[in-house]
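Presented below is the structure to which this report refers.
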Amino acid sequence: MSIDESSSINWIDPNHAAIFKQREEVLERIREDFKRNPKTLDFLKLYYRDHPWDFISDWGITFDPRNAEIGLPTYIPFILFPKQIEWVKWVMKHWRERTPGLCEKSRDMGVSWLAMALSCTLCLFNRGMVIGVGSRKKEYVDKVGAPKALLPKARIFMENLPVEFTGDWKVSRDAPYMRISFPETGSIIGGEGGDDIGRGDRTAIYFVDEYAHFEHPELTEASLSQTTNCRIDMSSVRGMNNPFARKRFEEKVDVFVFDWKDDPRKDGEWYAKQCAQLDPVVVAQEIDRDYHASATGVVIPNKWVMAAVDAHKKLGIAPSGQMGCSIDVADEGLDKNAACISHGVEVLTVAEWSGQGGDIFRTVERAFELCDEYDVHGFDYDSDGLGAGVRGDARVINDQRKARREHQIEAKGFRGSEAPFDPDRIVGGTIGDTRADRGRANKDYFANRKAQGWWALRKRFRNTYRRVVEKIECPPDEIISISSKCPNYQKLCTELSQPTYRINGAGKIVIDKTPEGAKSPNLADAVMIRFAPKEAPRALWTPEVLAQIKRAPKSGRG
């Protein structure tokens, strides 16, 4: 059974009185049916046990004190919109499969209310259920007279349900500080805050609220690891230097995204109002979910990167030019090798694989395999650090290929620590495009070749944004396009906006790839190396070699 309220509701201007009246009429019918057949209520509870989203929409109440200022009731029906129903089903799936999940959310999406309503519903209709909820401070979990906290939301939800579903439940007896009990089912919701999270009861589900904002997340990671199999992290974004962001992009946990556009109560007018009233960083971070919004001096803003996704399609450009490959060689440990394959201005694909053990020879073999797969003449590689050994390994592999009468593949080093390429070339206004910036040479602009490479990539993304979004013309060979068919393109997009820049004491650009201790952006590094200014590769493909290639079967692009 379910009251069909969401299909016809006006989300911008809902008729709460009509919804409450409909609930009263349905409740009266339930009571009449119960008089004739007491088992009717048992069947209804069984239904709601398996369809908690319907129970919340049918009977749930939420509280919004902001309604008072516009003459609306502050206690209103909690009617779930489609994305919220999808979230409840997502949590239920993870609970039954005993797996963790991560929920990234825009501001004011009602996720905390939703988590508490679901927790109460599960505890009402399941015996022996134990659910944990935690936040970075105890007052955000439970505080008298503070609906912002988690457990007061649960109390409001329970107090406003029909007695047919709550039975003998009493807030004064069953909802003490940091705990809500359900006597009829023996279920419990337990709250914890700060560094104590995860040190209480074992739980079926544990909701961690605003995890990106925790002060000591390492303590939470350790304690919660033994507490539950179904941990649901929920948070707005707060930069990249926190476990929530790392989990979000490691692709080891299932991610659910609540974007503001998923909320039918919000439209373009609402968004424009937020942009007018709030700081741009707040809008970007808390509404647009931009992980790099709070960073200062970002080399490539996220909006430039997003404009570049399938930019060649948006602009009606057919990529042309040379096929290319570049390799970012991993340091030893948990870092990863990364590769970029491009066709002209299009990034066709990026790939990464473990660098653990520091097996450089295997990395070089993988680079040769990629070149063969995509019919690339050679590859550029990061020759700083461990990458210094690539040239020797490439020579060994080329000798083996020569003996098999296979064509050679050139490995060309890119040393980011070196002086800028073409140091005396005048580059014009780059930093601030002021008169003082103009007429300076590469050696006066950039601290090293790494800074020059990232700045060249920045220019491509800026050109792309201007052409795609602002409709400003620029040469098609000076843009960049990221194929959405690339399996790792979303991770690449995030990494591209991670590096920041500063101006050193000599007035030169210095790049910081890992601000605030973030992980090395290996995929983005590979793209930077591919598009960095460099000399044209020397011709290795002689007429004889080309004739052999034409006779050999092509491997095709995978």
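Listed here are the residues, each with its yes/no results for (1) assigned to a loop (DSSP other than H, G, I, E, B); (2) surrounded by 16 or more Cβ atoms within 10 Å (Cβ to Cβ); (3) assigned by TED's automatic domain parsing to the domain that holds Ser417; (4) not aliphatic (A, V, I, L, M).
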| position | (1), (2), (3), (4) |
| --- | --- |
| Ala451 | no, yes, yes, no |
| Arg462 | no, yes, yes, yes |
| Arg466 | no, yes, yes, yes |
| Cys474 | yes, no, yes, yes |
| Lys485 | yes, no, yes, yes |
| Cys493 | no, yes, yes, yes |
| Ala506 | yes, no, yes, no |
Looking only at segment 100-121, decide whether some residue is under 22 Å from Gly193 (Cα atoms), over 28 Å from the mean Cα position of the chain (by Cα) and at pLDDT 95 or above. yes
Does Met240 satisfy being in a loop (DSSP other than H, G, I, E, B) and surrounded by 19 or more Cβ atoms within 10 Å (Cβ to Cβ)? yes
In segment 128-142, is there at least one residue being over 27 Å from Asp50 (Cα atoms), touching a Leu at 6+ places or on another chain (Cβ under 8 Å), hydroxyl-bearing (Ser, Thr, Tyr) and not in a loop (DSSP other than H, G, I, E, B)? yes
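Conditions tested, residue by residue: (1) in contact with a Cys (Cβ under 8 Å, 6 or more places away or on another chain); (2) in contact (Cβ under 8 Å) with a residue 12 or more places away in the chain.
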| residue | (1), (2) |
| --- | --- |
| Asp42 | no, no |
| Tyr48 | no, yes |
| Trp53 | no, yes |
| Trp95 | yes, yes |
| Gly101 | yes, yes |
I want to confirm something. Restricting to segment 67-118 and keeping residues that are in contact with a Leu (Cβ under 9 Å, 6 or more places away or on another chain) and among the polar types (S, T, N, Q), which single residue is nearest to Trp169 (Cα to Cα)? Ser112
Identify, by number, the condition in (1) assigned to a loop (DSSP other than H, G, I, E, B); (2) at pLDDT below 90; (3) within 21 Å of the chain's Cα centre (by Cα) that Glu516 doesn't meet. (1)
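Against the definition (modelled with pLDDT under 85 and among the acidic types (Asp, Glu)), how does Glu495 come out, yes or no? Before you say what the answer is, go through the steps one by one.
Values: modelled with pLDDT under 85: no; among the acidic types (Asp, Glu): yes.
So Glu495 fails the test.
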Selection over segment 135-159 where residues are in contact (Cβ under 8 Å) with a residue 60 or more places away in the chain, farther than 15 Å from Met234 by Cβ and crowded, with 23+ Cβ neighbours inside 10 Å yields a count of 1
For segment 120-149, name all the residues that are more than 16 Å from Trp169 (Cα to Cα) and among the polar types (S, T, N, Q). Ser135
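For Trp113, indicate whether it is surrounded by fewer than 18 Cβ atoms within 10 Å (Cβ to Cβ), touching a residue at least 40 places away in the same chain (Cβ under 8 Å) and among the hydrophobic types (A, V, I, L, M, F, W, C). Can you show your working first?
Values: surrounded by fewer than 18 Cβ atoms within 10 Å (Cβ to Cβ): no; touching a residue at least 40 places away in the same chain (Cβ under 8 Å): yes; among the hydrophobic types (A, V, I, L, M, F, W, C): yes.
Here the answer is no, as Trp113 does not meet what is asked.
Please determine, by comparing only the residues of segment 348-364 that are aliphatic (A, V, I, L, M) and in contact with a helix residue (DSSP H, G or I) (Cβ under 6 Å, 6 or more places away or on another chain), which one is modelled with the highest pLDDT. Outline the logic, then answer.
Within segment 348-364, the first condition is being aliphatic (A, V, I, L, M), and the residues that meet it are 348, 350-351, 360, 364.
Going one step further and asking which of them are in contact with a helix residue (DSSP H, G or I) (Cβ under 6 Å, 6 or more places away or on another chain), we end up with 350, 360, 364.
Working: Val350: 96, Ile360: 85, Val364: 93.
Top of the filtered list is Val350.
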The residue that is farthest from Arg248 (Cα to Cα), considering only those in segment 80-106 that are among the aromatic types (Phe, Trp, Tyr) and surrounded by fewer than 19 Cβ atoms within 10 Å (Cβ to Cβ), is Phe81
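The values are calculated or read from the model by the stated rules, or taken from the named source; none is laboratory data. Just so you know, these numbers come straight off a predicted model, no measurement behind them. All Cβ positions, even for glycine, are placed from backbone atoms using ideal geometry, and neighbour counts span all protein chains on display.
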